[in-house]
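Colleague: Sharing a structure below in structure tokens format, with a few things to ask.
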Ligand code: SF4
């Protein structure tokens, strides 16, 4: 096996996904994290603990951290974390609903090492977006934030989560992304996780409808071939994703709000704990857990029992 082909070849992760909080303003039916206004965890990392983790990330030379949630920009100490990472040369990705991205925040992001910011717009029309994202940032807030970021030179990516309710608007949403100056339009099959899993039978588009919508989307993107908006369609559903990761785990570690370290957001296994371990010690636990029979058995069973994914947001120890 060539060097770099196995997760054990890496002395530190190449990439960290960090959920700073599980709290947000939304109650989106397609949310894969089951986040919401009353869903913050009681034991989320404190400012001091989170800044210590950020410093360890820089000392380990980890090049990239992606922040999701919940709503990361709703965390009071988030800018201190961004600045700690950015000053050390670590690139940042931010997934936000856009409500906090006013002109000042967009300018501040432009001064940091923000690789890209992703904002969901789940419809080409305000009514559809509101239906898909109750409580979350409005259509005007989300599209305004994308435009402000683009105008400031921050690569702004529009994310579109396809469901039975908005699939017919996917190609028109691509037009909107172009109009807003987005650097990318990102979509892919609905993930059977969190609240989406709980409402799967009503939210999941028919596979033929999804295939037709993708064809229309590609044709629409071809009409905009000179625009800067890249079309990114994730090819796999979540069952395929976890099977592929078992065969070839990525050098990517997920930190959840209380500092536990998980294998993936789709898997309930949390082999590391940043309250008990350093970042690099947790990385060792992460590497070993991917080779655990317990993890392999769970993933194999998911192929026939997808309801097991209802446990995705739990944090199980690995024997
Ligand atoms: S999709 Fe985003 S805004 Fe909506 S509930 Fe989930 S974390 Fe909150």
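The values are calculated or read from the model by the stated rules, or taken from the named source; none is laboratory data. Everything numeric here is computed off the predicted structure, so don't read it as measured data. Cβ coordinates were reconstructed from backbone atoms using ideal geometry, including for glycine residues, and neighbour counts include every protein chain displayed.
Colleague: Scan the stretch 289-305 for residues that are within 24 Å of the chain's Cα centre (by Cα) and closer than 29 Å to residue 20 by Cβ and report the count.
Modeller: Qualifying residue count, the stretch 289-305: 6.
Colleague: Continuing with this model, one more query. Any residue that is more than 16 Å from the ligand (Cβ to nearest atom) and not in a helix (DSSP H, G or I) - is there at least one of those in the stretch 131-144?
Modeller: No, the stretch 131-144 contains no residue that is more than 16 Å from the ligand (Cβ to nearest atom) and not in a helix (DSSP H, G or I).
Colleague: Hey, another quick one. Assess whether residue 82 counts as being more than 11 Å from the ligand (Cβ to nearest atom), in a helix (DSSP H, G or I), in contact with a helix residue (DSSP H, G or I) (Cβ under 9 Å, 6 or more places away or on another chain) and at pLDDT 95 or above.
Modeller: yes
Colleague: Also, I was wondering about something else. Looking at 185, 174 in this structure, which one is in a helix (DSSP H, G or I), farther than 15 Å from residue 28 by Cβ and in contact with a helix residue (DSSP H, G or I) (Cβ under 6 Å, 6 or more places away or on another chain)?
Modeller: One residue alone meets the criteria, 174.
Colleague: May I ask you to verify whether residue 148 is at pLDDT 95 or above, away from the ligand (no atom under 15 Å from the Cβ), in contact with a helix residue (DSSP H, G or I) (Cβ under 8 Å, 6 or more places away or on another chain) and more than 29 Å from residue 199 (Cα to Cα)?
Modeller: The answer is yes for residue 148.
Colleague: Here's a follow-up. Looking for whichever is away from the ligand (no atom under 11 Å from the Cβ), closer than 26 Å to residue 309 by Cβ and surrounded by fewer than 21 Cβ atoms within 10 Å (Cβ to Cβ) here; the options are 10, 67, 15. Which one fits?
Modeller: 15
Colleague: Any residue that is within 21 Å of residue 284 (Cβ to Cβ), assigned to a loop (DSSP other than H, G, I, E, B) and more than 16 Å from the ligand (Cβ to nearest atom) - is there at least one of those in the stretch 38-52?
Modeller: yes
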